[in-house]
Ligand code: SAH
């Protein structure tokens, strides 16, 4: 890929990107590692060329197949919730190392995670979206990501447990399979609900089978659907 395309020009320039980061800070996002990663990750490369000029607006954008690239504010909030909660539970000794993502979509959230944790395992049910995301990771030189074409509502049991799980699609209730795949003190960040959705934080208490659940802010995500499409 040529350098100009990666760095961006005009509506995808660093200046435009920095304005978005400032907006995230103004909205209360404060994790420097997350903000820096978002500042350095070219969101315009995760969109169709016709939409690239809108990449640094703080808004969700269509990626085809009726799906959307999540709003930057939501990506920042979910990522910092995951990382800060894991770090706190770990006595400040560091964030999650092994993370499962449900709903790869464009791969933007995947790319952010991959720069902040050791391993990302990501599941997507729409094959063409997954293939595109895979190509983008190759272009960006991110090689700590493993992809699976499956119904992520069941997690990735063969690869669990995970220190963190993040879902970009909303089930009506938290799937038990995902909770079961949390490591001790593991953290799940997931939108839950149908008409009314809330970002929800589920934490495994130590190595027990008990979980605490905390309702965070109201959000609007695409639904977690069952089965896969080719
Ligand atoms: N983080 C992505 C969000 C994409 S939208 C991005 O910013 O691009 C949510 C994604 O979840 C869609 O791609 C959708 O196909 C996927 N999805 C929905 N239900 C799913 C399921 N059961 N298993 C895996 N992926 C699912």
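The values are calculated or read from the model by the stated rules, or taken from the named source; none is laboratory data. What you are looking at is a predicted structure, and each value in this text was computed from that prediction instead of being measured. When we count neighbours, we look across all protein chains shown, and the Cβ atoms used for this are built from the backbone with ideal geometry, even at glycine.
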### Query
If residue 20 passes every condition in (1) surrounded by fewer than 18 Cβ atoms within 10 Å (Cβ to Cβ); (2) over 21 Å from residue 133 (Cα atoms); (3) at pLDDT 95 or above but one, which one does it miss?
(1)
### Task
Taking residue 183 as the residue in question, decide whether it is more than 24 Å from residue 218 (Cα to Cα) and within 14 Å of the ligand (Cβ to nearest atom).
no
### Message
Filter the stretch 121-162 down to the residues that are free of Cβ contacts under 8 Å to residues at least 12 places away in the same chain, away from the ligand (no atom under 13 Å from the Cβ) and either assigned to a helix (DSSP H, G or I) or surrounded by 14 or more Cβ atoms within 10 Å (Cβ to Cβ) (or both) and list them by number.
### Response
135, 138, 158
### Query
Across the stretch 144-166, what is the total count of residues that are under 22 Å from residue 37 (Cα atoms) and either modelled with pLDDT under 95 or touching a helix residue (DSSP H, G or I) at 6+ places or on another chain (Cβ under 7 Å) (or both)?
7
### Task
Would you mind finding the one in 34, 99, 75 that is assigned to a strand (DSSP E or B), touching a helix residue (DSSP H, G or I) at 6+ places or on another chain (Cβ under 7 Å), at pLDDT 95 or above and within 16 Å of the ligand (Cβ to nearest atom)?
99
### Query
Between residues in the stretch 100-120 that are farther than 18 Å from residue 73 by Cα and free of Cβ contacts under 8 Å to residues at least 60 places away in the same chain and residues that are assigned to a helix (DSSP H, G or I) and within 12 Å of the ligand (Cβ to nearest atom), which pairs lie under 8 Å by C-beta distance while being six or more apart or on different chains?
120/110; 120/113
### Task
Take the residues in the stretch 37-53 that are within 14 Å of the ligand (Cβ to nearest atom) and surrounded by fewer than 17 Cβ atoms within 10 Å (Cβ to Cβ), then tell me which one is farthest from residue 229 (Cα to Cα).
51
